[in-house]
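Q: The structure that follows is given in the form of structure tokens.
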Amino acid sequence: MLLPNLVIAPSQSRGRGVFTTKNIPANTVIEISPIIELSPKERKQIEGTKLFHYIFEWGKSKRKAAVALGYVSMYNHSFQPNCEYEMDYESGNMTVRTIKPVRKGEELCFSYNGDPNDQSPLWFKTV
């Protein structure tokens, strides 16, 4: 499930990102996407490629990885996110939900730390 008003567009100094063409209220599910689960061995192989920046730690031990389908891997990071994601290990899905109202034309971002309140430094330099 992907809201039809979500689009991929250029993001200022961050490549591409996910934007909305309509206002979205807080607490709206905007995407539910299946994932492709990678074993710890497969994750290690991906970590040496460009795909490393687009995978998610997966599973309770976080040793596996997930390649999220849909737009999930295209959302940029923010320490002041307007969305959050939830991982459902049993169903193999990721859900993205707004945590505050988002205006038409605004970029949708979540915290790569997994918790909107987690301000811990990331593994790469942020803008």
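Q: If I filter segment 21-50 down to residues being out of contact with any Leu (no Cβ under 6 Å at 6 or more places or on another chain) and under 17 Å from Ser78 (Cβ atoms), which single residue comes out as surrounded by the fewest Cβ atoms within 10 Å (Cβ to Cβ)? Step through it out loud before you land on a result.
A: Within segment 21-50, the first condition is being out of contact with any Leu (no Cβ under 6 Å at 6 or more places or on another chain), and the residues that meet it are 21-29, 32, 35-50.
With under 17 Å from Ser78 (Cβ atoms) added as a condition, the list becomes 24, 26.
On the way: Ile24: 23, Ala26: 11.
Only one residue tops the list, namely Ala26.
Q: Which one of the conditions (1) within 22 Å of Leu6 (Cα to Cα); (2) modelled with pLDDT of 95 or more does Glu37 fail to meet, given that it meets all the rest?
A: (1)
Q: Report whether or not Ile8 is of a type in the set (Val, Ile, Thr) and either within 14 Å of the chain's Cα centre (by Cα) or in a loop (DSSP other than H, G, I, E, B) (or both).
A: Spelling it out, Ile8 is indeed of a type in the set (Val, Ile, Thr) and either within 14 Å of the chain's Cα centre (by Cα) or in a loop (DSSP other than H, G, I, E, B) (or both).
Q: Suppose we keep only residues that are charged (D, E, K, R) and in contact with a strand residue (DSSP E or B) (Cβ under 8 Å, 6 or more places away or on another chain) within segment 1-46. Which one would you say is nearest to Asp88 (Cα to Cα)? Walk me through it before giving the result.
A: Keep residues of segment 1-46 that are charged (D, E, K, R), which gives 14, 16, 22, 31, 37, 41-44.
Applying the additional criterion that residues be in contact with a strand residue (DSSP E or B) (Cβ under 8 Å, 6 or more places away or on another chain) yields 14, 16, 31, 37, 42-43.
Details: Arg14: 28, Arg16: 26, Glu31: 13, Glu37: 12, Glu42: 20, Arg43: 19 Å.
By that ranking, first place goes to Glu37.
Q: Cβ-Cβ below 7 Å, separation at least six or inter-chain, first residue in segment 57-82 and closer than 10 Å to Cys109 by Cα and in contact (Cβ under 8 Å) with a residue 60 or more places away in the chain, second part of a loop (DSSP other than H, G, I, E, B) and among the charged types (D, E, K, R): which pairs?
A: Asn76/Arg14
Q: Sticking with this structure for a sec: What strands (runs of 3 or more DSSP E), lying completely within segment 57-114, carry at least 3 residues that are over 12 Å from Phe19 (Cα atoms) and touching a Phe, Trp or Tyr at 6+ places or on another chain (Cβ under 9 Å)?
A: Details: elements: 64-68, 83-88, 93-98, 107-110.
Fully inside segment 57-114 and qualifying: 64-68, 83-88, 93-98.
The values are calculated or read from the model by the stated rules, or taken from the named source; none is laboratory data. Worth saying up front: this structure is predicted, and the values here are computed from it rather than measured. Positions of Cβ are generated from backbone atoms using ideal geometry, with glycine treated the same way; all protein chains shown enter the neighbour counts.
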